[in-house]
1. Kindly list the number of the only condition in (1) under 30 Å from S290 (Cα atoms); (2) in a helix (DSSP H, G or I); (3) near ligand 1 (Cβ under 10 Å from one of its atoms) that fails for R168.
2. Inside the stretch 42-135, counting only helices (runs of 4 or more DSSP H) that do not spill past its ends, which hold 3 or more residues that are more than 9 Å from ligand 1 (Cβ to nearest atom) and under 23 Å from V154 (Cα atoms)?
3. Within the stretch 142-159, which residues are more than 7 Å from ligand 1 (Cβ to nearest atom) and more than 18 Å from A82 (Cβ to Cβ)?
4. Between a residue in the stretch 45-74 that is in contact (Cβ under 8 Å) with a residue 60 or more places away in the chain and within 22 Å of R197 (Cα to Cα) and any residue that is away from ligand 1 (no atom under 16 Å from the Cβ) and polar (S, T, N, Q), which pairs come within a Cβ distance under 7 Å, given they are 6 or more apart or on different chains?
5. Being away from ligand 1 (no atom under 14 Å from the Cβ) and in a helix (DSSP H, G or I) is the filter here; which residues of the stretch 171-193 pass it?
6. Pick from the stretch 152-165 the residues that are more than 10 Å from ligand 3 (Cβ to nearest atom) and part of a helix (DSSP H, G or I): which of them is farthest from E229 (Cα to Cα)?
7. Does T5 satisfy the criteria of being closer than 16 Å to I192 by Cβ and at pLDDT 95 or above?
8. Looking only at the stretch 171-196, count how many residues are more than 9 Å from ligand 2 (Cβ to nearest atom), among the small types (G, A, S) and farther than 15 Å from I288 by Cβ.
Amino acid sequence: MSGYTVLVTGGTGQVGLELLRQSWPADVTVLAPARDQLDLASGDSIAAWFASREVHCIINPAAYTAVDLAEDNVGAAFLANAQGPAWLADIARQRDIPLLHVSTDYVFDGSLDRPYHEEDPVSPLGAYGASKLAGELAVRAGAPRHVILRTAWVISAQRNNFLKTMLRLAAERPELSVVADQHGCPTSARDIAATLRTIALAHLADGSAPSGTYHFVNDGSTTWHGLAEAVMAASRAHGGAAVPVRPIASADFPTRARRPGNSRLGTAKIRSDFGIAPRPWQDIVEQIVSELSLPSPKSEKLT
Ligand SMILES: NC(=O)C1=CN([C@@H]2O[C@H](COP(=O)(O)OP(=O)(O)OC[C@H]3O[C@@H](n4cnc5c(N)ncnc54)[C@H](OP(=O)(O)O)[C@@H]3O)[C@@H](O)[C@H]2O)C=CC1
Ligand SMILES: Cc1cn([C@H]2C[C@H](O)[C@@H](COP(=O)(O)OP(=O)(O)O[C@H]3O[C@@H](C)C(=O)[C@@H](O)[C@H]3O)O2)c(=O)[nH]c1=O
Ligand SMILES: [Mg+2]
């Protein structure tokens, strides 16, 4: 046998798509089964997929990510976000392979007034956060070789995210109203993927690479309102729609799930253990809006 096989779950998601686009060494094969081939909500599906395959590392960014819907679909959220990771952790332990699992700032309740460290107390405000916390516990308990990467406020040019929502609404409305009392760290799906790649390669190269829980977000912090304003500025600069953004309180934008007032994450640990240096969140907003402003290949005329 030569070379390594890496399983990426959720290959159609924001982080999964960027993992598939990373440049991987020639001796690494990345497998990204569709949900009907590997369903985290089904132990049988997971067992069947692994039965015929040798895998050297599991990267699990798949999740039930609809924060408000999770409040009324607690069972589905826990199946994908906790039971699925528990089954993956069993396999990782049995095969003595590393499991890289992605988690969230929403495990915190936001009561601290500084960036959260990895060991700060968790206390999720909603079902999504609770299900992700249960997933963390399962991975920690089940897979001796694991990295739990907590990230936040993920944006990219793909799938659904807050940046794309703001661009869509700017084209439809004269003004946006966005909460200015929730503080966090906008983070690029591509930068998360690059970080997961770095950690996966470290674990493939060295069976005793660091295990544990790590925070990764882009550098700096803002509010959802601040992020919306940055999106408008970038859109305007690229000739796209831009409208004024009015700051409002969370109380004036009722949502099914409560969200933390502060979910800023500190990144000192991943910087020192893995040498990762996150770039400023403003850079990624500019990059993503710029990507979205390019004419799509399909619409280009062949002349
Ligand atoms: N989005 C965010 O702002 C944040 C996300 N995170 C975490 O980061 C990770 C990646 O998030 P992101 O890329 O935004 O997620 P997306 O919502 O973009 O994608 C989710 C992925 O998970 C897959 N999936 C969902 N349920 C199952 C299942 N039962 N079995 C197999 N696959 C499933 C989806 O497949 P399909 O295409 O079929 O739906 C999709 O590929 C998640 O763990 C999330 O909790 C952490 C902080 C912030
Ligand atoms: C669309 C919109 C939202 N908001 C508010 C609602 C909410 O408090 C905040 C963010 O809204 P969203 O629903 O887009 O974001 P939300 O779903 O809370 O995003 C979260 O997703 C999960 C998966 C995570 O893990 C978190 O890190 C975080 O990124 O902005 C406004 O104030 N005005 C608006 O027009
Ligand atoms: Mg959402």
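The values are calculated or read from the model by the stated rules, or taken from the named source; none is laboratory data. Owing to the predicted nature of the structure, the values given are computational and were not obtained by experimental measurement. As a convention, Cβ positions derive from the backbone with ideal geometry for all residues, glycine included, and neighbour counts pool all protein chains shown.
1. Answer for R168: the failing condition is (3).
2. 67-70, 74-78
3. P144, R145, I155, S156, A157, Q158 - these are the residues of the stretch 142-159 that are more than 7 Å from ligand 1 (Cβ to nearest atom) and more than 18 Å from A82 (Cβ to Cβ).
4. From the stretch 45-74, the pairs are H56/T5.
5. A171, E172
6. K164
7. Values: closer than 16 Å to I192 by Cβ: no; at pLDDT 95 or above: yes.
When the stated conditions are applied, T5 does not pass them.
8. Residues meeting the conditions: 1.
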